[in-house]
């Protein structure tokens with residue numbers, strides 16, 4: 001068709017949705033607009049009826065990974081990839097959907113390019129389109145619809161501000177393509193932080209070898225990020241400003257990747273005798289509806305349980321790290337790894353994890369004592385534990401149990417709070433103490 005309807009969905013039903021109709025023959029925009037939520041997608045039903053539809057989804061919901069898998073068998077490769085990535089992913093691999101790209105990278109040994117997203121998120125996107133009676137054969141992460149130039153980045157801002165208090169603080173998301181199979185979508189605050197700290201650090205390390213700045217081509221205003229404020233190692237090139245979807249429309253065809261594959265692959269029915277199958281199709285639809293209804297009930301129950309567990313995880317995380325402002329369930333694992341790395345001095349014999357392992361048997365021996373907070377001083381190799389119990393004897397029992405675990409224990413002040421007693425411990429590994437004496 002000469003005209004294509006492009007739609008960019010959000011992550012949640014209340015997220016703003018952008019749409020644009022682009023003429024491929026005239027290379028111009030016919031119409032564009034925004035919907036306040038996925039519930040308004042039916043307003044695009046008529047526009048989609050006589051046009052091809054291509055749908056973009058947030059790059060923040062799709063993880064792009066490049067791997068080297070020691071096999072040439074596609075079946076073996078796709079069976080191995082989920083478990084190769086299991087330690088990096090915050091969820092069970094059975095809850096995730098893996099889509100593969102047929103590309104080659106002559107600059108590296110990577111032979112497998114995979115996109116990972118939640119299966120539930122895929123179902124959610126497709127359910128919105130189905131409810132609006134919008135059919136599409138293409139579902140693509142927005143970062144792969146950005147322009148691509150080897151060795152350069154391309155960035156554009158999306159204004160997704162809504163009346164909801166959830167999501168990004170200012171409703172601005174930055175879409176960045178870093179390479180052929182590399183990119184990300186971040187809210188503006190995370191983008192600024194990453195530029196100043198994460199990317200800048202990586203670039204400084206790379207400059208020692210390559211001595212080349214990274215060129216970032218910008219197609220819109222990126223807030224406080226400009227030539228004057230950009231960190232060392234980055235060069236800003238202002239390109240002609242574009243509507244995000246107009247930019248996607250001009251460059252998305254360069255990437256053949258499509259999330260609609262495997263279990264989500266679109267199957268086209270071209271039989272001329274479709275009426276002969278109506279009865280069989282009717283029975284199949286009834287069975288499918290019953291099955292889907294049952295699955296929906298299960299999904300609702302699991303979603304409710306998952307939401308409750310996620311809230312508990314986030315609450316626990318904020319309790320342990322009270323200064324953390326923004327916590328996302330999908331990144332808690334990586335954040336914890338960074339927190340542990342920041343503790344310093346972690347070896348098999350000493351360090352935070354080693355001491356946690358040493359004090360665990362003491363908790364098993366004195367189950368009446370419950371930890372309230374744990375703080376670790378990496379320089380002193382010292383663990384400070386605040387706990388609560390029913391009486392003072394439990395603190396003495398816990399101290400005795402720790403003393404038998406090759407630990408030096410100092411029992412701090414204890415206060416009675418009604419029927420409970422709150423107190424603290426300062427715990428140091430005896431090996432650390434011995435080493436300190438030997439060095440002095």
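The values are calculated or read from the model by the stated rules, or taken from the named source; none is laboratory data. Everything quoted here is computed from the prediction, not taken from an experiment. FYI the Cβ positions are ideal-geometry reconstructions off the backbone, even for glycines, and counts take in every protein chain you see.
For segment 32-61, enumerate the residues that are touching a helix residue (DSSP H, G or I) at 6+ places or on another chain (Cβ under 6 Å) and over 28 Å from residue 182 (Cβ atoms).
38, 41
May I ask you to verify whether residue 315 is outside any strand (DSSP E or B), modelled with pLDDT of 80 or more and out of contact with any helix residue (DSSP H, G or I) (no Cβ under 7 Å at 6 or more places or on another chain)?
Yes: the conditions hold for residue 315.
Only residues in segment 393-405 that are outside the structural domain of residue 366 (by TED's automatic domain parsing) count as the first member; pair them with residues that are in a loop (DSSP other than H, G, I, E, B), Cβ under 6 angstrom, at least 6 apart or cross-chain, and list the lot.
Hits for this filter: zero, empty list.
Among the numbered criteria (1) part of a helix (DSSP H, G or I); (2) farther than 30 Å from residue 172 by Cβ, which one does residue 39 miss?
(2)
If the requirement is being part of a strand (DSSP E or B) and in contact (Cβ under 8 Å) with a residue 60 or more places away in the chain, which of these qualifies: 388, 422, 427, 374?
So the residue among 388, 422, 427, 374 that is part of a strand (DSSP E or B) and in contact (Cβ under 8 Å) with a residue 60 or more places away in the chain is 427.
Just to be sure, is residue 8 at pLDDT below 95 and within 30 Å of the chain's Cα centre (by Cα)?
no
Would you be able to say whether some residue in segment 61-69 is without any contact (Cβ under 8 Å) to a residue 40 or more places away in the chain, farther than 22 Å from residue 142 by Cα and outside any strand (DSSP E or B)?
no
For residues in segment 13-25 being surrounded by fewer than 16 Cβ atoms within 10 Å (Cβ to Cβ) and in contact (Cβ under 8 Å) with a residue 24 or more places away in the chain, which is nearest to residue 135 (Cα to Cα)?
13
Rundown of residues vs (1) part of a strand (DSSP E or B); (2) closer than 20 Å to residue 257 by Cα, yes/no style:
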position: 97; (1), (2): yes, yes
position: 105; (1), (2): no, yes
position: 116; (1), (2): yes, yes
position: 122; (1), (2): no, yes
position: 135; (1), (2): no, yes
position: 143; (1), (2): no, yes
position: 158; (1), (2): yes, no
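Take the residues of segment 337-349 that are surrounded by 13 or more Cβ atoms within 10 Å (Cβ to Cβ) and in contact with a helix residue (DSSP H, G or I) (Cβ under 8 Å, 6 or more places away or on another chain): which is modelled with the lowest pLDDT?
So the residue we want is 346.
Can you find even one residue in segment 350-361 that is touching a helix residue (DSSP H, G or I) at 6+ places or on another chain (Cβ under 9 Å), within 23 Å of residue 414 (Cα to Cα), loosely packed, with under 12 Cβ neighbours inside 10 Å and at pLDDT 75 or above?
No.
Tell me which of these residue 242 doesn't satisfy, since it passes every other one: (1) part of a loop (DSSP other than H, G, I, E, B); (2) modelled with pLDDT under 85.
Residue 242 satisfies all of (1) part of a loop (DSSP other than H, G, I, E, B); (2) modelled with pLDDT under 85 except (2).
Please work out if residue 54 is in the same structural domain as residue 185 (by TED's automatic domain parsing), in contact with a strand residue (DSSP E or B) (Cβ under 9 Å, 6 or more places away or on another chain) and at pLDDT 95 or above.
On the way: in the same structural domain as residue 185 (by TED's automatic domain parsing): yes; in contact with a strand residue (DSSP E or B) (Cβ under 9 Å, 6 or more places away or on another chain): yes; at pLDDT 95 or above: yes.
Yes.
Among the residues that make up segment 386-402, is at least one of them farther than 14 Å from residue 369 by Cα and crowded, with 19+ Cβ neighbours inside 10 Å? Talk me through it step by step, then tell me what you get.
In the first step, residues of segment 386-402 are kept if they are farther than 14 Å from residue 369 by Cα; the result is none.
No, segment 386-402 contains no residue that is farther than 14 Å from residue 369 by Cα and crowded, with 19+ Cβ neighbours inside 10 Å.
Within segment 70-107, how many residues turn out to be surrounded by fewer than 12 Cβ atoms within 10 Å (Cβ to Cβ), more than 22 Å from residue 336 (Cα to Cα) and within 21 Å of the chain's Cα centre (by Cα)?
Here the count works out to 1.
What are the residues in segment 33-69 that are over 20 Å from the mean Cα position of the chain (by Cα) and surrounded by fewer than 16 Cβ atoms within 10 Å (Cβ to Cβ), if any?
33, 34, 36, 39, 40, 42, 43, 45, 46, 49, 50, 68
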